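What follows is one structure encoded as structure tokens, with my remarks underneath.
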Amino acid sequence: MDFHTFQQSLQDNTPPANASVYLQALWYDGKGNWDKSHELIQDLPDQNAAWIHAYLHRKEGDTWNADYWYRKAGKKRPDLSLEEEWEQIAKALL
């Protein structure tokens, strides 16, 4: 799956069948369901999950918590719009 196909899948009612949990979390966020996205990602221990978790808390406006998760992901809070960061994460994970 490429980014365009993933982005188009936001028109569907369910995430793509072959989407990883990371992409499912981004998909639910892309659909406006922050809670479901956070639920999927919050307990996963790896850096990809931490990156998505950081993005979600940045989106929520909880900068302190977002920065904690960016550090866990080995990243710094980006100077990008939330839309640009969502796209950056999705492209990195596809």
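Nothing in this text is a laboratory measurement; each read-out follows from the coordinates by a stated rule. Given the structure is predicted, the values throughout are model-derived calculations rather than measurements. FYI the Cβ positions are ideal-geometry reconstructions off the backbone, even for glycines, and counts take in every protein chain you see.
From the set of residues in segment 77-94 that are of a type in the set (D, E, K, R) and surrounded by 14 or more Cβ atoms within 10 Å (Cβ to Cβ), which is farthest from the chain's Cα centre (by Cα)?
Step one: list which residues in segment 77-94 are of a type in the set (D, E, K, R), which gives 77, 79, 83-85, 87, 91.
From the residues that got through so far, the ones that are surrounded by 14 or more Cβ atoms within 10 Å (Cβ to Cβ) too are 77, 85, 87.
Details: Arg77: 14, Glu85: 9, Glu87: 9 Å.
Across segment 77-94, the extreme among qualifying residues is Arg77.
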Matching residues in segment 24-60 - criterion: being hydroxyl-bearing (Ser, Thr, Tyr) and closer than 17 Å to Arg71 by Cα:
Tyr55
If you go through segment 34-41 one residue at a time, do you hit one that is touching an Asp or Glu at 6+ places or on another chain (Cβ under 6 Å), small (Gly, Ala, Ser) and closer than 20 Å to Asp12 by Cβ?
yes
